[in-house]
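Quick notes on the structure that follows.
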Amino acid sequence: MKLWDVVIVGGGHNGLVAACYLQRAGLDVLVVEKNAWVGGAATSRRLAEDVTYSNCSYVCSLFRSEIMRDLELPRHGLQVIGYEGGAVLTRSGGYLASYRNHDQHRREFARYSARDAEAYDRYARDVTRQCRFIQPLLLRTAPDPFSFKPRDLQELLFLARKVGDLSAAEFARTARFWTMSIADFLDEYFETEVIKAYLALSGIIGTALGPMSPGTAYVLLHHYMGDVDGSVGAWGYARGGMGAITQALASSFQAAGGTIRTDSEVASVKVRGGRSEGVVLAGGEEVRARLVLSNADVKRTFLKLVDEKELPPPFLDRVRHFKMRGSSGKVNIALDGMPDFPALPSGSTAVKGDLHFTDTVERIERAYDDWKAGRWSADPFLDAMIPTTLDPTLAAPGKHFMSCFVQYCPPKVEGRDWTDADRDAFAETVVSQIADYSPGFRDRIRHMEVRTPRELEAEVGLTEGNIFQGELTFDQLLFNRPVPGYAQYRTPIKGLYLCGSSTHPGGGVMGAPGYNAAAEVLRDLKRSRQHMSPAHDVL
Amino acid sequence: MTSSNGKTSYDAVVIGGGHNGLVAAAMLGRAGRRVLLVEARDVLGGGAGTHVFHPGYKVNSLAHLMNRLAPEVERALGLDLADLGTSLAPTVALDPVRGPVVLGGAYGDSLSGVTPDEAGRFAALRALLMSQADLLARFLARPPPMPGELSLGDAVDLGKAAVALLKRGRSAGRDFARMLLTNIADVVDEHLDDDRLKGLLAFDATLGIHLGPRSPTSIVGLYYRLAGSCLGARGGQIVPRGGMGAVTAHLAAAARQAGVEIRTGAPVAAIAADRGRASGIVLPWGARIAAPLIVSAIHPVTTLRSLLPPGAIDIGLDRAVSHIRSRGDAAKLHLALDAVPAFVGVPAEAARGRLVVAPSVDHVERAFNPAKYGDFSPDPVIEITLPSLTDPTFAPRGGAVLSAIVQYAPYDLSGGWDARRDAFLETVLATLERHAPGLRGSIVGAELLLPPDIEAHFGMPGGHWHHGELQVDQMIFNRPAFGASGYETPVPGLYLASAGSHPGGGVSGLPGYNAARRALAKETAA
């Protein structure tokens, strides 16, 4: 039986990133994926026979440009196009548009409030500062403050120097920023509700918190740290859907000599004497490997794939308490034609970006209250996008596709499992909200695919449908992610590593966990990491 | 005015006769300074006072428990507080259906009303929280460590805390780093089973704070509570004999003994600043009192934005001060009763303590939800004391006084409080009645202090008795705002000593103590 150097459980974007780097380091790497396709939550599928679409994740802006370059993803077909607009439609029939161009965006704010337009410059500067502070930490392993290993001390020193570079006032501001709610943070800049509602989005998307929860200002960074062609904070769209990213990764991996096996679900990680020896597939086949990297989330890895007898009880206890509450759903809609939004000026570029129908922070927070009570919201928060406006190749001429990210959507409905009827009722709230702003919308729907946390878990394998493989709260960041003492991609089992978003720096299609995990593996193997670019400042 | 000898020049003027002002004044007086303390109201004590609210009935004005007057303050002022009480008061988590849980001693040294298993789990969690609160407590009786200018003392204290943490072992350290900014709901869900205990801890973490138990960082409120001590016991509390007014009287006596001159009924109209330096105060009738040192123990927003001449602080700080979140969520209800209320299942001895209505975490969270949108809780959470059981002089013979802190009652109520005051009162009374059947029939008088009333009566902007939200982003070097957080302000000679400064609210005396020490140290250095 072949002995692989590395087998990677799950071909999500992080698994593939790690696979690429390890293969390029001269290791013999196998990726095993349960689905018939690779990509995890970053995939393009077919909806109706003539529409290609991103079925889960839908925005490409966080993916680290260092990785993109190292792995030559553009050569393997990845092309990212920036959003060209966006808008919030208000209940009163008005709108707030967004523009890529800062000055144009500012002018749009001025339509509501001259003061807010002024404040927008300050806001953009302050948020960019926070990004600049955090960005270099993404492609680094988080130091363990309770270890005295030289490398941890050295990394702590790096962190201390980063902090030391801040002026006292900036340090104080940073400490506030990390602990504030996005609502309070925005209140310090803006007076117009719809502007705050528009900007609050980034503080909560994918997060089981409301905009009024402390810590959500930090989450903002997870949606702001990206860049599209050097335009920081811009949101982009991957031509051909999010699958273009993972297909480019797969292609880059295979070009380097790597092997992918699809339709191969891993049933367990084989452990003997505290060391992993490979994996056992669902059909009983054994795949032997010196090292195993799990792209599955921390709960799936340790509560399903590894025999609990192999794990120290305190570790297991922490894994059980790791918070992975699903908070979002997705409704993918194939449309017969471009929907009308009468509130928008004709020919507006606003439709070429994200559309929101929630015009106050309070409405977002109330939707969160529904989630807390175990219900989907009757007035959900939508981040809708019609990618066919940017990429006509996705659908037949005249046909369109609309991606609706829906927040909040609970992993269980008032404590019980989702039923199909629940799912349909959930979808109906989404369609009815859009139809309020787009007459005739219902008639244009050709096909609809609804993903609640139940579907996300079943198809992608995300526990409770949590798209970040674990909440981004302080207790689950940096050296706490996923388990204090095991935040450096290694696990209590020798030879078994984690490389998914359950690890630092967390979720979003960033590729950083896969990159960092690969770096740790190469460190352990004492192999060169020359082909891994260090983080560079894009700001 | 209690005394006025017409002097117009002092070494120091303290603005505000609440507990922090009295402590600061006494400290300065004991250091040999000629000190004048001015208080706008006719009585001292601010929120830590006792007043008659119905003929024959007295009550503690806002604070109704003594649980954190700092030992450092007691020592520095030479206080002897034995007359206030010598045994700790219990806490009771009320539940009219399942019966109450009684936490005896200091925050549940002993526990009754739960299964032995649950008692064991609570003891473990209590020990964990206490040891963590202990680490934080060492940063209360000292100025906050300031970024960019860590003093040797700061470094030593931070180092000591780190050593103390490491001594407990790596896993204790990791637990602490993980739990420090988490939410209380997840912590209690992880450790406990009993909803009554969980609800109590959720309540204690969020009392006086605009957060629900599921809000990240809400555990900090519980740490803050447990970092306080009483009768030498961390987490201990008493319902003081003589009321909080007696505590204030002790502080006032210490101040007078230290030579402090106290003038009540003397509001301050302005702080005079000559060439950017604090030089005295101006009274509303134009009289000017000169002093090179002004210690303001009133709300920092009032001090920095209303009393200082325009331009005294720069735009950046002014903006930061204008952003201080300081809108109270807690109301105070006082009831004069002609009979001692009987809370379901609560033994007479336990009724002397603190009774809490917060039957589950979800209940507290649901009570918080409407506060986010400017509505009061339809099913509020409540902390009750019956001070007349400790001190019979508070009510006529046979009667009783009920003092309740009710949450959530937001300062800015949509529709305005005038129109909805009665509806809120009805909600609270109905809730109390469920826990103490027959209570409503024994009411002979009532006083409801809503956040706007608290603002008006006690001069606390927003009716927030912590003088600003006690949330992490408004703590330590960001309390009240960076640039004015080490008690000093950009105006030389002007110091901030209210609960709006580090470490924050509660009747600890520490902001006053720390501010006075900082002012004295600065003088010595100059």
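The values are calculated or read from the model by the stated rules, or taken from the named source; none is laboratory data. Everything numeric in this text was worked out from a predicted model, so none of it was measured. No Cβ is skipped: glycine too gets one built from the backbone with ideal geometry, and neighbour counts run over all protein chains shown.
Contact map, region A:350-374: first residue away from chain B (no Cβ under 14 Å) and in contact (Cβ under 8 Å) with a residue 40 or more places away in the chain, second residue part of a helix (DSSP H, G or I) and among the polar types (S, T, N, Q), Cβ cut-off under 6 Å, separation 6 or more or different chains; pairs are A:Val351/A:Thr389; A:Lys352/A:Thr389; A:Phe357/A:Gln433. Can we say A:Asp144 is within 13 Å of chain B (Cβ to nearest Cβ), part of a loop (DSSP other than H, G, I, E, B), touching a residue at least 12 places away in the same chain (Cβ under 8 Å) and not hydroxyl-bearing (Ser, Thr, Tyr)? It is true that A:Asp144 is within 13 Å of chain B (Cβ to nearest Cβ), part of a loop (DSSP other than H, G, I, E, B), touching a residue at least 12 places away in the same chain (Cβ under 8 Å) and not hydroxyl-bearing (Ser, Thr, Tyr).
Can you name the residue in region B:156-214 that is among the basic types (Lys, Arg) and touching a residue at least 60 places away in the same chain (Cβ under 8 Å) and, of all such residues, is nearest to the other protein chains (Cβ to nearest Cβ)? It would help to see each step written out before you state the result.
Within region B:156-214, the subset among the basic types (Lys, Arg) is B:160, B:167-168, B:170, B:174, B:178, B:196, B:198, B:214.
Pick out the ones that are also touching a residue at least 60 places away in the same chain (Cβ under 8 Å) and you get B:196, B:198, B:214.
On the way: B:Arg196: 21, B:Lys198: 15, B:Arg214: 7 Å.
By that ranking, first place goes to B:Arg214.
State yes or no: is A:Val228 touching a helix residue (DSSP H, G or I) at 6+ places or on another chain (Cβ under 9 Å) and more than 10 Å from chain B (Cβ to nearest Cβ)?
On the way: touching a helix residue (DSSP H, G or I) at 6+ places or on another chain (Cβ under 9 Å): no; more than 10 Å from chain B (Cβ to nearest Cβ): yes.
Taking the combined requirement at face value, the residue does not satisfy it.
Does at least one position in region A:114-137 carry a residue that is farther than 26 Å from A:Ala373 by Cβ and in contact with a Gly (Cβ under 6 Å, 6 or more places away or on another chain)?
If we filter region A:114-137 for residues that are farther than 26 Å from A:Ala373 by Cβ, which is where we start, we get A:114-137.
Next, only the ones that are in contact with a Gly (Cβ under 6 Å, 6 or more places away or on another chain) stay: none.
Checked region A:114-137: no residue is farther than 26 Å from A:Ala373 by Cβ and in contact with a Gly (Cβ under 6 Å, 6 or more places away or on another chain).
Reported count of residues in region B:455-476, each being over 12 Å from the mean Cα position of the chain (by Cα), at negative phi, within 13 Å of another protein chain (Cβ to nearest Cβ) and not charged (D, E, K, R), is 4. The strands (runs of 3 or more DSSP E) falling completely within region A:222-295 that include 3 or more residues that are surrounded by 19 or more Cβ atoms within 10 Å (Cβ to Cβ) map to A:236-238, A:266-272, A:275-281, A:286-294. Right, A:Glu108: within 13 Å of chain B (Cβ to nearest Cβ) and over 25 Å from A:Gly506 (Cα atoms) or not? No, not satisfied.
Only residues that are closer than 15 Å to B:Leu128 by Cα and in a helix (DSSP H, G or I) were counted in region B:155-185, giving 15. Between B:Gly259, B:Gly280, B:Gly286, B:Gly265, the distinction of being closer than 19 Å to B:Ile313 by Cβ, in the same structural domain as B:Gly32 (by TED's automatic domain parsing) and out of contact with any Ser or Thr (no Cβ under 7 Å at 6 or more places or on another chain) belongs to B:Gly280 only.
Looking across region B:487-526 at every residue that is over 17 Å from the mean Cα position of the chain (by Cα) and among the polar types (S, T, N, Q), the one that is surrounded by the most Cβ atoms within 10 Å (Cβ to Cβ) is identified as B:Thr489. Residue count for region B:445-461 satisfying the condition of being of a type in the set (Asp, Glu) and touching a Lys or Arg at 6+ places or on another chain (Cβ under 9 Å): 2. Here B:Ala273 meets the list (1) modelled with pLDDT of 95 or more; (2) crowded, with 20+ Cβ neighbours inside 10 Å; (3) assigned to a strand (DSSP E or B) almost entirely, failing just condition (1).
Scan region B:430-450 and tell me whether some residue there is closer than 17 Å to B:Arg325 by Cα and crowded, with 24+ Cβ neighbours inside 10 Å. Working first, answer last.
Taking region B:430-450 first, the residues closer than 17 Å to B:Arg325 by Cα are none.
No, there is no match, as no residue in region B:430-450 is closer than 17 Å to B:Arg325 by Cα and crowded, with 24+ Cβ neighbours inside 10 Å.
Within 11 Å of chain A (Cβ to nearest Cβ) and within 18 Å of the chain's Cα centre (by Cα): is that true of B:Val247 in this structure? Against the criterion (within 11 Å of chain A (Cβ to nearest Cβ) and within 18 Å of the chain's Cα centre (by Cα)), B:Val247 does not qualify. Would you mention how many residues in region A:29-61 are surrounded by fewer than 22 Cβ atoms within 10 Å (Cβ to Cβ) and in a loop (DSSP other than H, G, I, E, B)? Number satisfying all stated conditions: 7. Mind listing whichever residues of region B:306-328 are more than 13 Å from chain A (Cβ to nearest Cβ) and either surrounded by fewer than 17 Cβ atoms within 10 Å (Cβ to Cβ) or closer than 22 Å to B:Val507 by Cβ (or both)? Within region B:306-328, B:Ser306, B:Pro309, B:Pro310, B:Gly311, B:Gly328 meet the criteria. Of all residues in region A:384-418, those being among the β-branched types (Val, Ile, Thr), over 21 Å from the mean Cα position of the chain (by Cα) and in a strand (DSSP E or B) number 1. Is it the case, given these coordinates, that B:Val491 is over 29 Å from B:Leu28 (Cα atoms) and touching a residue at least 40 places away in the same chain (Cβ under 8 Å)? No, not satisfied. Within the span defined as region B:59-66, every residue fails to be surrounded by fewer than 22 Cβ atoms within 10 Å (Cβ to Cβ), touching a residue at least 60 places away in the same chain (Cβ under 8 Å) and either of a type in the set (Lys, Arg) or out of contact with any helix residue (DSSP H, G or I) (no Cβ under 6 Å at 6 or more places or on another chain) (or both).
A:Val194 meets all of the listed conditions (1) of a type outside the set (Asp, Glu); (2) modelled with pLDDT of 90 or more; (3) under 23 Å from A:Val361 (Cα atoms); (4) not in a helix (DSSP H, G or I) but one, namely (4).
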